[in-house]
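Asks: Below are the structure tokens for one structure; questions will follow.
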Amino acid sequence: MQGGNLSDGVLFAYGTLQVPGVMSALIGRVPRCCPARLAGYARYKVRSRSYPGIVRHLNSSVDGLVYFDLTYDELAILDAFEDDLYVREVVYVDIREGCSTSARAYTVVGENARLLDVTAPWSLDEFIRDHRAGYIHHCETFRSYFA
């Protein structure tokens, strides 16, 4: 996992990390957050998976949440969970009309973009309906390695 200083503490979540149960299972809490939009990116389902990735796409935007006050240890857990598919990079998100902030986001770059199904936009509602319970269990199991 690449991506700069772990202590930045602000993360834009656009996929499974938006689900409070997923975040809680991974880091033991749900940090303070607010709705946000990331312009210049598109979200697609990762092939054969229940989660998405985002790639640069000039005329698109992605809705999600910005989490604040993440600790170094929490970001390290999230980095390990997100694995080598993603790079955590600085993005600028709109958090309300006329106001933006810098944040980190797990993006898909380079050769990894071929793992995205650009014909299949990812749906948070579909994930919650069809995959949330099993995914949270997976996250709890993953987190147990950090206990």
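Asks: If you take the residues in the stretch 73-94 that are among the charged types (D, E, K, R) and in contact with a Phe, Trp or Tyr (Cβ under 7 Å, 6 or more places away or on another chain), which one is farthest from residue 46 (Cα to Cα)?
Replies: First pass over the stretch 73-94, keeping only residues among the charged types (D, E, K, R): 73-74, 79, 82-84, 88-89, 94.
Among the residues that remain, those that are also in contact with a Phe, Trp or Tyr (Cβ under 7 Å, 6 or more places away or on another chain) are: 82, 88.
Details: 82: 12, 88: 17 Å.
The qualifying residue farthest from residue 46 (Cα to Cα) is 88.
Asks: Would you confirm whether or not the stretch 10-25 contains a residue that is touching a His at 6+ places or on another chain (Cβ under 6 Å) and on the phi < 0 side of the Ramachandran plot? Walk me through how you get there before you give the answer.
Replies: The first filter runs over the stretch 10-25 and keeps only residues touching a His at 6+ places or on another chain (Cβ under 6 Å), leaving none.
Within the stretch 10-25, not a single residue is touching a His at 6+ places or on another chain (Cβ under 6 Å) and on the phi < 0 side of the Ramachandran plot.
Asks: Restricting to the stretch 122-147, name every residue that is loosely packed, with under 14 Cβ neighbours inside 10 Å and modelled with pLDDT of 95 or more.
Replies: Across the stretch 122-147, the qualifying residues are 123, 125, 126, 129, 130, 133, 134, 137, 141.
Asks: Quickly run through the stretch 112-147 and pick out the residues that are outside any helix (DSSP H, G or I) and either among the basic types (Lys, Arg) or in contact with a strand residue (DSSP E or B) (Cβ under 9 Å, 6 or more places away or on another chain) (or both). Spell out the reasoning first.
Replies: Within the stretch 112-147, the subset outside any helix (DSSP H, G or I) is 116-123, 131, 145-147.
Answer for the stretch 112-147, where residues must be outside any helix (DSSP H, G or I) and either among the basic types (Lys, Arg) or in contact with a strand residue (DSSP E or B) (Cβ under 9 Å, 6 or more places away or on another chain) (or both): 116, 117, 118, 119, 120, 121, 122, 123.
Asks: Quick one: in the stretch 1-33, which of the residues that are surrounded by fewer than 20 Cβ atoms within 10 Å (Cβ to Cβ) and hydroxyl-bearing (Ser, Thr, Tyr) is modelled with the highest pLDDT?
Replies: Looking at residues that are surrounded by fewer than 20 Cβ atoms within 10 Å (Cβ to Cβ) and hydroxyl-bearing (Ser, Thr, Tyr), I get 24.
Asks: Is one or more of the residues making up the stretch 34-42 surrounded by fewer than 17 Cβ atoms within 10 Å (Cβ to Cβ), more than 21 Å from residue 136 (Cβ to Cβ) and in contact with an Asp or Glu (Cβ under 9 Å, 6 or more places away or on another chain)? Spell out how you get there, then give the answer.
Replies: Step one: filter the stretch 34-42 for residues surrounded by fewer than 17 Cβ atoms within 10 Å (Cβ to Cβ), giving 34-35, 39-40.
Next, only the ones that are more than 21 Å from residue 136 (Cβ to Cβ) stay: 34-35, 39-40.
From what's left, in contact with an Asp or Glu (Cβ under 9 Å, 6 or more places away or on another chain): 35, 39.
Scanning the stretch 34-42, I find at least one residue that is surrounded by fewer than 17 Cβ atoms within 10 Å (Cβ to Cβ), more than 21 Å from residue 136 (Cβ to Cβ) and in contact with an Asp or Glu (Cβ under 9 Å, 6 or more places away or on another chain), so the answer is yes.
Asks: If you take just the strands (runs of 3 or more DSSP E) that sit entirely in the stretch 1-111, which of them hold at least 2 residues that are touching a helix residue (DSSP H, G or I) at 6+ places or on another chain (Cβ under 8 Å) and either under 23 Å from residue 123 (Cα atoms) or acidic (Asp, Glu) (or both)?
Replies: Numbers: elements: 11-13, 33-46, 52-67, 87-96, 99-107.
Where strands (runs of 3 or more DSSP E) fall fully within the stretch 1-111 and carry at least 2 residues being touching a helix residue (DSSP H, G or I) at 6+ places or on another chain (Cβ under 8 Å) and either under 23 Å from residue 123 (Cα atoms) or acidic (Asp, Glu) (or both), they are 11-13, 52-67, 99-107.
Asks: Any chance you could count how many residues in the stretch 102-121 are farther than 23 Å from residue 49 by Cα and crowded, with 16+ Cβ neighbours inside 10 Å? Before the answer, list the steps.
Replies: Of all residues in the stretch 102-121, those farther than 23 Å from residue 49 by Cα come to 102-103.
Narrowing further to those that are crowded, with 16+ Cβ neighbours inside 10 Å: 103.
Selection size over the stretch 102-121: 1.
Asks: Would you check if residue 88 is of a type in the set (Lys, Arg), surrounded by 12 or more Cβ atoms within 10 Å (Cβ to Cβ) and at pLDDT below 95? Show your work before the answer.
Replies: Numbers: of a type in the set (Lys, Arg): yes; surrounded by 12 or more Cβ atoms within 10 Å (Cβ to Cβ): yes; at pLDDT below 95: yes.
The answer is yes for residue 88.
Asks: Filter the stretch 14-41 down to the residues that are of a type in the set (A, V, I, L, M) and touching a residue at least 60 places away in the same chain (Cβ under 8 Å) and list them by number. Explain how you work it out, then say what you get.
Replies: As a first pass, look at the stretch 14-41 and keep what is of a type in the set (A, V, I, L, M): 17, 19, 22-23, 25-27, 30, 36, 38-39.
Correct list: 17, 19, 22, 25, 26, 27, 36, 38.
Asks: So residue 72 ticks every box in (1) closer than 23 Å to residue 138 by Cβ; (2) aromatic (Phe, Trp, Tyr); (3) modelled with pLDDT under 95 but one. Which box is left unticked?
Replies: Residue 72 satisfies all of (1) closer than 23 Å to residue 138 by Cβ; (2) aromatic (Phe, Trp, Tyr); (3) modelled with pLDDT under 95 except (1).
The values are calculated or read from the model by the stated rules, or taken from the named source; none is laboratory data. Predicted, not measured: the structure shown is a model, and the values here were computed from it. For neighbour counting, all protein chains shown are included, and Cβ atoms are generated from backbone atoms with ideal geometry for every residue, glycine included.
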